[in-house]
Every structure is written in C-alpha cells, then in structure tokens.
Amino acid sequence: MELSAAHLRYLLAIYQTAHTQRDVSSRTIAERLGVTRPSVARALGQLMDRGMIVKAHYGKIYLTDRGIFVARRVQQQLDCVLEHFPPLALELTADEKHRAALALAAALPERLFTGEYERLFGPDDALTG
C-alpha cells in the first residue's frame, strides 16, 4: 500500500506538531486537521504498520527515525512544488495550493520518500517480513 495524500497529511501534522509541542496526541492531530478521532486512529494504525510512528500505551505519538526521515523528504517536496507552483487562470488560496502540492507528492512513487532511507539504513525487517 502506497502512502496516500491522507497518510502524508497525518505524517506531516505529527511532524510539524512535534516541533511546537512536547506531547503529540490523537486529539491534537484531530484538531489540527479538522477530522474525527476515529479517522485519526485509523490513519495512525496504518502509519504504525508502515513503521512511521509509535503510539505509546498512554496515547502519545512519536515519529520513528523512518517517520522523521520520510516526513522531512515529503516536506522538502512540498516546499519545492509550492515554490515553483505554476500560474493558473484563477488564483488559489494558500490552503488550496498546499492541498494540490500534497496531492502531487502523494502521486509520486513512494520510493522517492522511503528509498533513500532504506538505501542508507536497510529495509525495516518488521515491514518486509
């Protein structure tokens, strides 16, 4: 299963929240993204399966080394797309541009985000076996 635009939104929300808050929780992510806590729980489960996050039994969310690496790569791609966003007939809001850039990032092959991590550190045995 490839990382979808939704996965990338959640991963970036966790990454960005962790820069400003000591503890990241499901509630914090739900509020930040304007989604329900069940939606967050589903997405977090999928990110855990991908080896991107760990959720402690008391509810705190932590990015793994892999998750941090991938989030940084995604953020770099988003920044690049936003910096070079093509002119359009109608002006887009900043949020619309961000969503379009995220959709583009999600359409890119996942190896662009995870391939360099695996080349440097090897595949995560939990994900391959």
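The values are calculated or read from the model by the stated rules, or taken from the named source; none is laboratory data. Here the structure is a predicted model, which is why all the values come from computation and not from measurement. Please note: Cβ atoms are built from the backbone with ideal geometry, for glycine as well, and neighbour counts cover all protein chains shown.
Any chance the stretch 6-20 includes a residue that's among the charged types (D, E, K, R) and surrounded by fewer than 19 Cβ atoms within 10 Å (Cβ to Cβ)? The answer is no, given that none of the residues of the stretch 6-20 is among the charged types (D, E, K, R) and surrounded by fewer than 19 Cβ atoms within 10 Å (Cβ to Cβ).
Given the condition of a type in the set (G, A, S), assigned to a helix (DSSP H, G or I) and without any contact (Cβ under 8 Å) to a residue 24 or more places away in the chain, answer yes or no: does some residue in the stretch 85-95 qualify? For the stretch 85-95, residues of a type in the set (G, A, S), assigned to a helix (DSSP H, G or I) and without any contact (Cβ under 8 Å) to a residue 24 or more places away in the chain: present. Taking the stretch 9-52 as the region of interest, how many residues are in a helix (DSSP H, G or I) and either over 24 Å from A107 (Cβ atoms) or touching a His at 6+ places or on another chain (Cβ under 9 Å) (or both)? Of the residues in that region, 15 qualify.
Matching residues to (1) surrounded by fewer than 16 Cβ atoms within 10 Å (Cβ to Cβ); (2) more than 24 Å from H19 (Cβ to Cβ):
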| residue | (1), (2) |
| --- | --- |
| Q46 | no, no |
| K60 | yes, no |
| L90 | yes, yes |
| T93 | yes, no |
| A101 | no, no |
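Part of a helix (DSSP H, G or I) and within 19 Å of P123 (Cβ to Cβ): does that describe I68? Answer is yes for this residue.
Answer with yes or no whether S26 is at pLDDT below 95, farther than 21 Å from R73 by Cα and of a type in the set (G, A, S).
On the way: at pLDDT below 95: yes; farther than 21 Å from R73 by Cα: yes; of a type in the set (G, A, S): yes.
Considered against the rule, which asks whether it is at pLDDT below 95, farther than 21 Å from R73 by Cα and of a type in the set (G, A, S), S26 comes out as yes.
Identify the residue in the stretch 64-88 that is in contact with a Leu (Cβ under 8 Å, 6 or more places away or on another chain) and among the aliphatic types (A, V, I, L, M) and, among all such residues, is farthest from D23 (Cα to Cα). Only one residue fits best here, namely V81.
Given the criteria over 22 Å from A100 (Cβ atoms) and either in contact with a Lys or Arg (Cβ under 6 Å, 6 or more places away or on another chain) or of a type in the set (F, W, Y) (or both), does A18 qualify? Lay out the reasoning, then the answer.
Values: over 22 Å from A100 (Cβ atoms): yes; either in contact with a Lys or Arg (Cβ under 6 Å, 6 or more places away or on another chain) or of a type in the set (F, W, Y) (or both): no.
When the stated conditions are applied, A18 does not pass them.
Here R99, R119 are screened, and the one residue that is in a helix (DSSP H, G or I) and modelled with pLDDT of 80 or more is R99.
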